[in-house]
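Read the figures in this text as sums done on the coordinates, not as results from a lab. It should be emphasised that the depicted structure is a prediction, and the values quoted were computed from it without experimental measurement. Note: ideal-geometry Cβ built from the backbone for every residue, glycine included; neighbour counts use all protein chains shown.
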Amino acid sequence: MEFFVSWTDSDPEYPIFDANCSLLVSPPVFSRAFRLTRLAVMPRRIMVDSGAYTLRKRFGDEFTQQQLFEWQINMLDGVDLDRTQVLLSHLDQPLESGLPRAEAYRRMELTIARAWDFLTLAQRSGMDKKVELVGVIQGYDADSIRWCSRELKRLGFHRFGIGSLAMLFNQGEIETRIKAALQEVGQGLHVFGISSIPVLRALRDLGVASVDSSRPVKEAMFYVLLYSNPFRRFALAGRRRQDMGSKQLKRALPCPCPVCRVNPRRMFGVGSKRFTNYRAVHNYYHLKCEVSGCAAWAEPLGGEN
């Protein structure tokens, strides 16, 4: 299962450390002037999603598919699409828990309408020949997910993502919805915004193609270090977390990640974003090992650390 790490321009540039890196970026967290060519090293793959939750909070239904498409294309300006694989997704409508059924249906229909607009824009611009187009499945139960999946297939999508699962904390229900989507679309399903290790393991066993998560940097911000094989979480000594009891570290455990190979003490610094970023690279290494296996990690040319 492929792991896309969610990234903003204040996070560490993970491709510097991992030549097999896959990034997920959301336009609303960047300025309109931002271009992905500002990365020092391009990742192997980039997924540019819609940032639908953020856009909906800011603009409601007023932000258009064309506005998003132009923003996505501007972010990609200058990227060598022959060397970096790019996936684009359309402007979907998230479904929060507890929505009235009529509103949920309205948002699902709007998701399908914008998927059609997206395909039209991609075909007119020729981008459908250069990037992989992702249809985003929305639904509130297995039956509605099957319906949305079938509609997206009918439009012509061959790669799919499924959203609105990040705030669903029932693992059984998450698996039920994923199974419904997989029954309709088969291979090539991406699951947006999942960070739970038990859920990630279950998705891998179900045959999900890829997932994304912002967990490496979020854990780092709260002074947490991740370790894999077996998966463990520790707080930095002196940074007590009520959810972690006495699991605190005064010094790093043995670790082959790029940070620990050079100087693991850097992860224990506080008071500067660079220390957070050291922890984020370490956490990224171990979360990717859990999701994709450590063999999916590749050293950059020159072995840069």
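List of remarks:
- Reachable lysines from K273, criterion Cα separation under 26 angstrom, eight or more residues apart if same chain: K218, K247, K250, K288
- Rule-of-thumb Rg ratio for the stretch 218-296 [Cα; 2.2 N^0.38 Å; N residues]: 1.02
- Tilt relative to the chain, helix 273-292 - C-alpha long axis, 0 to 90 degrees, to 10: 70
- Label-point separation in nm, Q67 to T176, each point 7 Å along Cα→Cβ: 3.6
- Length-normalised contact order of the stretch 218-296 in % [C-alpha pairs under 8 Å, at least 6 apart]: 32
- Listed by chain and number, the aspartates and glutamates whose C-alpha is less than 17 Å from the C-alpha of K57, apart from same-chain residues fewer than 8 away, are D49, D92, E96, E103.
- In summary, the lysines within cross-link reach of K179, defined as a Cα separation below 22 angstrom excluding same-chain residues under 8 places away, comprise K153.
- Fewest-first ranking of R274, R266, R35, using other Cβ atoms within 10 Å as the exposure measure: R274, R35, R266
- Here the gap between Q183 and L99, fully extended at 0.36 nm per residue and compared with their Cα-Cα distance, gives a gain of 27.7 nm.
- Sequence-separation-based contact order of the chain, relative, with Cα cut under 8 Å and 6+ spacing, percent: 19
- Pair D9, R124: separation of 7 Å Cα→Cβ label points (nm): 2.8
- Within the listed set P12, P43, P100, the residue fluctuating most in the Gaussian network model of the chain (springs between alpha-carbon atoms under 10 angstrom) is P100.
- FRET efficiency, V262 to R106 (Cβ-Cβ, R0 45 Å, nearest 0.05): 0.30
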